[in-house]
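To keep things clear, I will list the structure first and then write my remarks on it.
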Amino acid sequence: MELNDLADMDRGLEVHAIHRRRHPAMQPVPSRLHVSRLVDVRQNDAAEDGSLVVRVARHHEHAQRKPWGFDRGEVCGHGRMVARAATAPPELLQALAAERRCCVVPRATVIIPNYNNGRASSRDGTRDFLGELLANLEQTLATDPTDLEIVVADDGSTDDSLDTARAWSRRAWPAGSPRAGQPFLRLIELPHSGVLSKVLNVLHAQTAGDFICRLDGDILIDTPHWVAECVRLLESDPRVGVVTGLQKLPDGRIHALGDAILSPLGYHHLGQGLPEDALPEVAEVEHAMGCFHASRREAIAQVGGYDETVLRGQTEELAMRLNLADWRALATKRVVFRHFHGERHWRPNTADTGAGLQRSLDRFREKWGCDRLAPDLEAVWERWKDTPLVSRAHITGPRRWDPALTGDPAPGSEWRDFPSDTALQARIAAELASLRTLEGPIAILGARDCLSAFLRARDGVEVTAVEEHEPSIAAAQGFIHRSNTNMQCLRLVAVSDLARTNLPTGAFKSLALLDSMERYWNPVGILREVKRLLVPEGHLVVRSRARAARFESRGEALQQFAAHELLQIVRHVGGLTPLHTPTLDGIARWNLVARSTGLAAHQLHFGA
């Protein structure tokens with residue numbers, strides 16, 4: 001079909017006009033025009049760039065018709081007017097798609113930043129990551145009703161993935177698709193920068209869909225029409241800025257239904273390891289991982305796009321700005337995808353090195369005043385307590401432990417009930433067994449009624465029992481006094497805050513946390529105090545109530561850990577080396593032993 005033939009068409013066309021301001025974020029200001037008739041599509045003789053002029057007639061309030069012109073319309077139009085055809089006739093779409101500078105703007109854009117996602121980069125040489133993803137998109141989106149486009153930006157790949165992207169850019173959508181005959185994807189070839197944020201900012205600048213679905217090149221999506229589902233959720237509330245799906249591992253296990261960043265449990269994946277039926281249909285989350293990140297263009301533009309100084313964890317840093325600006329993020333299990341990054345070789349760039357990750361962590365701390373992997377919630381509270389950043393994370397602020405809120409026994413009940421309560425006897429026996437693996441002097445932070453401390457001190461080992469709940473310390477003092485026991489090895493210390501004991505630095509060979517990390521509002525604060533109190537090469541024993549197999553709630557008085565979450569927060573706080581993974585005993589407690597290294601640096605890992 002020739003462009004001149006389009007002038008004779010008389011079809012309904014809905015057009016959106018967008019004026020792109022000359023602004024780094026290029027925030028669009030949309031207005032909708034209901035068009036009754038296509039008047040003319042012709043080459044723009046006034047311009048030398050080969051762009052098109054589209055003239056249409058539209059309805060006014062009083063049913064008048066008036067021509068409307070779009071001059072120099074482009075998909076990426078910097079400072080230009082562009083037209084979006086939401087229900088355009090196929091002949092028009094096909095003719096315009098054939099033009100290099102097309103005036104038709106899709107409602108949603110699927111973007112794929114690519115660097116070495118080819119078969120040559122897989123560990124065993126068998127998985128063609130990008131090729132399999134593009135074939136997967138052809139299958140899952142062939143009949144998706146959303147007006148969409150796919151854009152790949154290659155960051156100077158050195159493997160076969162660039163040839164794969166070029167081959168797919170020459171293909172068209174198959175017959176039967178709403179986009180039949182249109183180019184399957186548009187390819188942008190960039191010189192290698194090694195900075196994903198730069199590539200993402202280019203993709204945002206050179207596309208114009210209202211909604212941007214960002215995919216890593218090593219995922220596969222199981223859900224048909226997933227763009228339509230993401231757009232539906234994004235349109236469910238004008239403050240929804242980001243949507244993600246349910247991430248599964250290649251073997252089908254649940255990896256994440258969104259992420260938490262500013263959590264007492266540290267940065268972690270929500271729902272990891274749970275059965276799918278234990279997950280909500282839709283959950284509000286702090287963060288959606290970048291491997292599948294559907295967003296509202298307006299939201300990303302408002303906060304300034306991706307920070308190009310952050311080499312790893314770009315999306316976590318972006319999420320902080322989105323949360324601060326009061327944009328919501330949703331995760332839904334109605335869209336399912338699998339991530340195969342574990343089957344790919346590490347790529348030859350700075351971002352994938354320990355130094356690159358450390359640089360990114362340092363940059364996050366510089367901007368936000370806390371660590372990305374193990375945030376000190378006290379620092380977060382002091383700086384951000386009156387902002388949506390804290391309210392969206394459900395941070396409650398400093399509070400003392402109240403046994404009634406965490407389901408713990410009332411003060412004095414351990415001493416009173418121990419002779420007859422078999423469950424309590426089992427718990428105290430397990431704690432005492434852990435304490436007997438430690439050399440003295442020992443400190444116990446969060447000693448409750450101090451019964452376990454009392455029994456260990458009877459062995460002749462020096463024990464300091466620290467508690468911030470004054471009635472519990474008072475009850476312990478009363479029972480010990482009435483028993484007429486000479487306890488020269490036991491010292492009871494009441495403090496106002498477990499993270500600030502005022503005990504001497506480096507005073508203890510061993511330290512124990514007995515059911516106290518999960519009930520303290522800021523576990524990183526306790527671990528920081530542990531590091532201060534321990535001698536180098538000293539040992540920490542953590543006993544912590546295990547979380548039941550359920551999707552966690554935020555802001556509760558008791559924040560129980562899963563095994564991997566406990567391991568990660570101890571590792572990420574720096575200066576403590578876990579000696580094993582947490583083990584579960586017969587009374588639903590995790591047991592973890594760590595050694596003090598005297599160092600402040602993280603133990604870095606590439607899962608961060």
>> Here are the criteria: (1) under 30 Å from E378 (Cβ atoms); (2) at pLDDT below 95; (3) not hydroxyl-bearing (S, T, Y). Tell me which single one L257 does not satisfy.
In response: (2)
> Scanning for something surrounded by 21 or more Cβ atoms within 10 Å (Cβ to Cβ), hydrophobic (A, V, I, L, M, F, W, C) and part of a strand (DSSP E or B), does segment 194-211 turn up at least one residue?
Replying inline: yes
>> Of all residues being surrounded by 20 or more Cβ atoms within 10 Å (Cβ to Cβ) and touching a residue at least 60 places away in the same chain (Cβ under 8 Å) in segment 347-360, which is farthest from V570 (Cα to Cα)? Just the residue, please.
In response: A351
> So which residues in segment 220-254 are surrounded by fewer than 14 Cβ atoms within 10 Å (Cβ to Cβ), basic (K, R) and more than 21 Å from R321 (Cα to Cα)?
Replying inline: R253
>> Being free of Cβ contacts under 8 Å to residues at least 12 places away in the same chain and charged (D, E, K, R) is the filter here; which residues of segment 383-413 pass it?
In response: D386
> Out of (1) surrounded by fewer than 20 Cβ atoms within 10 Å (Cβ to Cβ); (2) among the hydrophobic types (A, V, I, L, M, F, W, C); (3) over 25 Å from the mean Cα position of the chain (by Cα), the odd one out for A549 is which?
Replying inline: (3)
>> Residue under question is P145, and the condition is that it be assigned to a loop (DSSP other than H, G, I, E, B), modelled with pLDDT of 95 or more, under 23 Å from T244 (Cβ atoms) and over 27 Å from the mean Cα position of the chain (by Cα); does it hold?
In response: yes
> Just one of I480, I473 is free of Cβ contacts under 8 Å to residues at least 40 places away in the same chain, touching an Asp or Glu at 6+ places or on another chain (Cβ under 6 Å) and not in a loop (DSSP other than H, G, I, E, B); which is it?
Replying inline: I473
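Do the conditions hold for Y267, that is, is it of a type in the set (S, T, Y) and either under 23 Å from L567 (Cα atoms) or touching a Lys or Arg at 6+ places or on another chain (Cβ under 7 Å) (or both)?
Criteria met by Y267.
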> Tally time: how many residues in segment 153-179 are outside any loop (DSSP other than H, G, I, E, B) and among the basic types (K, R)?
Replying inline: 1
> Are any residues in segment 376-407 of a type in the set (D, E), assigned to a loop (DSSP other than H, G, I, E, B) and out of contact with any His (no Cβ under 8 Å at 6 or more places or on another chain), and if so, which ones?
Replying inline: D376, D386
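Check segment 522-537 and report whether any residue there is touching a Pro at 6+ places or on another chain (Cβ under 6 Å), under 26 Å from D362 (Cα atoms) and modelled with pLDDT of 95 or more. Don't jump to the end; show me each part of the working.
So the first thing to find is which residues in segment 522-537 are touching a Pro at 6+ places or on another chain (Cβ under 6 Å), and the list is 523.
From what's left, under 26 Å from D362 (Cα atoms): 523.
Narrowing the set further to residues that are modelled with pLDDT of 95 or more leaves 523.
Within segment 522-537, one or more residues are touching a Pro at 6+ places or on another chain (Cβ under 6 Å), under 26 Å from D362 (Cα atoms) and modelled with pLDDT of 95 or more.
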> Picking from L424, L432, L373, L361, which residue would you name as being more than 30 Å from H225 (Cα to Cα), aliphatic (A, V, I, L, M), in a helix (DSSP H, G or I) and not assigned by TED's automatic domain parsing to the domain that holds H572?
Replying inline: L361
> Quick one: I473 ticks every box in (1) aliphatic (A, V, I, L, M); (2) surrounded by 22 or more Cβ atoms within 10 Å (Cβ to Cβ); (3) under 19 Å from D402 (Cα atoms); (4) in contact with a helix residue (DSSP H, G or I) (Cβ under 8 Å, 6 or more places away or on another chain) bar one, so which box is it?
Replying inline: (4)
>> So the check is Cβ under 8 Å with 6+ separation or different chains; which pairs have a first residue in segment 414-428 that's on the phi < 0 side of the Ramachandran plot and in contact (Cβ under 8 Å) with a residue 12 or more places away in the chain and a second one that's surrounded by fewer than 15 Cβ atoms within 10 Å (Cβ to Cβ) and among the small types (G, A, S)?
In response: A426/G586
> Of everything in segment 596-608 that's buried (at least 16 other Cβ atoms within 10 Å of the Cβ) and touching a Pro at 6+ places or on another chain (Cβ under 9 Å), which residue is modelled with the lowest pLDDT?
Replying inline: Q603
> H572 is checked against (1) over 24 Å from R365 (Cα atoms); (2) surrounded by 21 or more Cβ atoms within 10 Å (Cβ to Cβ) and fails just one. What number does that condition carry?
Replying inline: (1)
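Okay, residues lined up against (1) free of Cβ contacts under 8 Å to residues at least 60 places away in the same chain; (2) in the same structural domain as E235 (by TED's automatic domain parsing); (3) among the β-branched types (V, I, T):
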| site | (1), (2), (3) |
| --- | --- |
| L133 | no, yes, no |
| T140 | no, yes, yes |
| I150 | yes, yes, yes |
| D159 | yes, yes, no |
| D163 | yes, yes, no |
| A167 | yes, yes, no |
| R171 | yes, yes, no |
> Can you name every residue in segment 152-193 that is hydroxyl-bearing (S, T, Y), buried (at least 17 other Cβ atoms within 10 Å of the Cβ), farther than 20 Å from A108 by Cα and more than 28 Å from the chain's Cα centre (by Cα)?
Replying inline: T164
>> So, in segment 318-373, exactly how many residues are in contact with a helix residue (DSSP H, G or I) (Cβ under 6 Å, 6 or more places away or on another chain), small (G, A, S) and at pLDDT below 95?
In response: 1
>> So A208 ticks every box in (1) under 17 Å from L134 (Cα atoms); (2) hydrophobic (A, V, I, L, M, F, W, C); (3) at pLDDT below 95 but one. Which box is left unticked?
In response: (1)
> Would you pick out the residues in segment 113-127 that are within 16 Å of H339 (Cβ to Cβ), surrounded by fewer than 24 Cβ atoms within 10 Å (Cβ to Cβ) and of a type outside the set (K, R)?
Replying inline: S122
> Listed residues D307, D277; which is part of a loop (DSSP other than H, G, I, E, B) and either exposed (fewer than 15 other Cβ atoms within 10 Å of the Cβ) or at pLDDT 95 or above (or both)?
Replying inline: D307
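The values are calculated or read from the model by the stated rules, or taken from the named source; none is laboratory data. None of the values given here were measured: they were computed from a predicted structure. Counting neighbours? That spans all protein chains shown, and the Cβs are built from the backbone with ideal geometry, glycine included.
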